[in-house]
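Reviewing the structure listed below.
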Amino acid sequence: MAGPEDCEIMGDGGAGGAVLLIGDSLTAGRPGVGYSSVLKKRLKGHAIASCGRGGDTIRGMVSRAGGLVHGYRPPVLVIQAGTNDLLLPLLASRGAKWARLVRYIERKVAPAAADVREFGLLYTDLIDIAGRQGVERIIMTTITCIGEDLSTPVNTRRQEYNEAIRDLAAGRGAIVADTGKAFDLYLARVKKPGSYLLPHFSGLHPDRFLTAVVSPDILSALHGLALTLDGVHLNSRGANLFAESVAHALERYMTPGPGRRLGKYLLGLLR
């Protein structure tokens with residue numbers, strides 16, 4: 001299992017009691033802009049443990065969740081999962097070379113869930129692992145676009161996975177940060193959505209190198225995209241929209257009664 005050393009500590013304060021973010025490259029911001037780097041600006045005076053791992057799937061997050069929760073003892077766990085469970089099978093369907101690349105990625109990280117049913121079962125395991133270690137406050141993000149053209153089959157399938165996330169959250173007392181819906185509403189207003197979606201066959205596609213010297217927003221504009229630099233990874237506008245949805249979900253925990261102490265804690269975070 002992964003431990004605290006695998007994460008980036010952001011913001012003020014130490015790792016103890018940090019808000020824990022578990023996710024993939026959208027959390028890590030490699031390539032592109034991680035939503036965690038935007039969220040930390042809203043959580044002044046407190047720490048975030050950003051545990052994003054490129055290529056990670058829900059299965060991989062289950063395997064490392066126990067060590068991360070044990071290491072940080074977070075008051076709130078934010079889960080960003082599902083992008084690669086949809087993206088990796090899509091890439092594998094492009095042909096033999098792509099399929100070999102996907103097998104390589106899955107050996108390094110973890111295989112994608114076979115379908116929405118297995119995705120839900122694995123997600124349930126993740127929540128159970130966190131619950132057994134005392135985490136009572138969980139925020140689950142929905143899956144953002146796989147390509148900014150929302151009419152594609154993979155984005156239609158994404159809606160099924162997002163419904164599974166919403167249903168699971170409702171049944172387990174978690175809160176949904178509906179990042180997928182926020183992206184969809186934004187992209188629905190784009191007159192000519194970009195069709196660019198990770199077209200390069202490479203374990204580290206060229207955009208990974210370009211973002212080291214060129215702004216993700218410049219790459220996004222070159223590709224004709226609104227919220228991402230390559231159809232998946234976030235530009236600054238996408239990262240801000242994602243972080244805003246997570247911040248709103250944190251605010252929903254600020255209720256009177258038994259949750260008053262946590263509410264005060266989160267209110268301090270969001271100031």
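The values are calculated or read from the model by the stated rules, or taken from the named source; none is laboratory data. Computed from a predicted model, the values in this text were never measured in an experiment. Quick reminder, even Gly has a Cβ in these numbers, built from the backbone with ideal geometry, and neighbours come from all protein chains shown.
Consider only pairs whose beta carbons are under 7 Å apart and that are at least six residues apart or on different chains; among these, list those whose first residue lies in region 242-253 and is farther than 15 Å from R137 by Cβ and whose second residue is among the small types (G, A, S).
Filtered contacts from region 242-253: S245/A177; S245/A182.
Report every pair of residues separated by at least 6 positions or lying on different chains whose Cβ atoms are under 9 Å apart, first residue within region 123-138 and on the phi > 0 side of the Ramachandran plot and of a type outside the set (A, V, I, L, M), second loosely packed, with under 15 Cβ neighbours inside 10 Å and part of a loop (DSSP other than H, G, I, E, B).
Matching pairs, first to second residue: G134/R73.
Regarding G147, is this residue of a type in the set (G, A, S) and either in a helix (DSSP H, G or I) or at pLDDT 95 or above (or both)?
Against the criterion (of a type in the set (G, A, S) and either in a helix (DSSP H, G or I) or at pLDDT 95 or above (or both)), G147 qualifies.
Report whether or not T141 is modelled with pLDDT of 95 or more and in contact with a Gly (Cβ under 9 Å, 6 or more places away or on another chain).
yes
Any idea which of (1) out of contact with any strand residue (DSSP E or B) (no Cβ under 7 Å at 6 or more places or on another chain); (2) not aromatic (F, W, Y); (3) not in a helix (DSSP H, G or I) is the one P74 doesn't satisfy?
(1)
Name the residue that is modelled with the highest pLDDT, counting only residues in region 1-33 that are closer than 13 Å to C51 by Cβ and acidic (D, E).
Across region 1-33, the extreme among qualifying residues is D24.
Has region 49-67 got any residue that is more than 20 Å from S220 (Cβ to Cβ), among the β-branched types (V, I, T) and assigned to a helix (DSSP H, G or I)?
yes
Looking at A114, A110, can you tell me which residue is free of Cβ contacts under 8 Å to residues at least 24 places away in the same chain and over 20 Å from T179 (Cβ atoms)?
Residue meeting the stated conditions: A114.
Tally time: how many residues in region 88-123 are within 15 Å of I22 (Cβ to Cβ) and part of a helix (DSSP H, G or I)?
2
So, S36, is that one over 20 Å from L121 (Cα atoms), modelled with pLDDT of 90 or more, small (G, A, S) and assigned to a helix (DSSP H, G or I) or not?
yes
For V135, indicate whether it is surrounded by 15 or more Cβ atoms within 10 Å (Cβ to Cβ), at pLDDT below 95, more than 25 Å from H248 (Cβ to Cβ) and not small (G, A, S).
no
Would a scan of region 40-50 turn up a residue that is at pLDDT 90 or above and more than 16 Å from the chain's Cα centre (by Cα)?
No; the residues of region 40-50 include none that is at pLDDT 90 or above and more than 16 Å from the chain's Cα centre (by Cα).
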